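This report refers to the structure that appears directly beneath it.
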Amino acid sequence: MIKDFPKEERPRERFINQGPSSLSNQELLAIILRTGTRKESVLQLSQRILSEFQGFRMLMDATLEELTKIKGVGEAKAIQLLAAFELGKRIANLKKEDRYVIRSPEDGANYVMEEMRFLTQEHFVCLFLNTKNEVIHKQTIFIGSLNASIVHPRELFKEAFRRSAASMICLHNHPSGNPTPSREDIEVTKRLVECGKILGVEVLDHIIIGDKRYVSLKEKGYL
């Protein structure tokens, strides 16, 4: 039984400690099945299923009837397997959507202009980019008047690390419609740029959105 295995050799523990890529097909299958039978462990059951179908290639096309014919595989286990394989097929068929590429401050401003120009409160937004300057994620970090105490670098860079971003562009709107940067805007920008240098995630620009107008603090020489 699995409980008789040393804890560090059990599939779930190996998954946690060493990551999914370290597990064999047998171990991954065992995690999905969760339990074996009275006479064999889930690892033994997994190996028997793989042997029956000569590996994953034939197993992934198995029917519910074929799976439930295997001793120790009831309807619940068979459905778990089929659901996992169906998810795998759907993920494999996903098409990578075209991502918006930012090559200039104008590109960054255009990406958010229509949704931000009419906002009645200041919104601080970050665009997280990959190494090709493609937008991989957009997130509103906070809503309210901009000041250094509110825009905490921790929140920005935590999200950057979570998204594996190579760089970011910060944007916020001025509800007045006038995108002229304030002293606070400049101070916050310098603080974020310095943090980015230390943490290895470059802050490419801070763009202020007005009514059909924008100001790039990079173009103004503040970065």
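The values are calculated or read from the model by the stated rules, or taken from the named source; none is laboratory data. Just so it is clear, the structure is predicted and the values come from calculations on it, not from any experiment. When we count neighbours, we look across all protein chains shown, and the Cβ atoms used for this are built from the backbone with ideal geometry, even at glycine.
Overview of results
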item	result
Residue in segment 119-130 that is assigned by TED's automatic domain parsing to the domain that holds Val193, assigned to a helix (DSSP H, G or I) and touching a His at 6+ places or on another chain (Cβ under 8 Å) present	no
All positions within segment 74-102 that are of a type outside the set (Gly, Ala, Ser) and over 23 Å from the mean Cα position of the chain (by Cα)	Glu75, Lys77, Ile79, Gln80, Leu81, Leu82
From Ala78, Ala84, Ala109, residue being of a type in the set (A, V, I, L, M), assigned to a helix (DSSP H, G or I) and touching an Asp or Glu at 6+ places or on another chain (Cβ under 9 Å)	Ala78
Leu192 vs. criteria closer than 19 Å to Ile102 by Cβ, assigned to a loop (DSSP other than H, G, I, E, B) and either among the aliphatic types (A, V, I, L, M) or more than 30 Å from the chain's Cα centre (by Cα) (or both)	no
Failed item, numbered, when Met116 is tested on (1) farther than 30 Å from Glu66 by Cβ; (2) out of contact with any His (no Cβ under 7 Å at 6 or more places or on another chain); (3) at pLDDT 90 or above	(2)
Among (1) of a type outside the set (D, E, K, R); (2) more than 30 Å from Asp98 (Cα to Cα); (3) touching a His at 6+ places or on another chain (Cβ under 6 Å), the one test that Gly221 misses	(3)
Hits in segment 195-204 (condition: assigned to a helix (DSSP H, G or I) and closer than 17 Å to Ile102 by Cβ)	Gly196
One residue from Leu64, Leu82, Leu29 being at negative phi, surrounded by 17 or more Cβ atoms within 10 Å (Cβ to Cβ) and modelled with pLDDT of 90 or more	Leu29
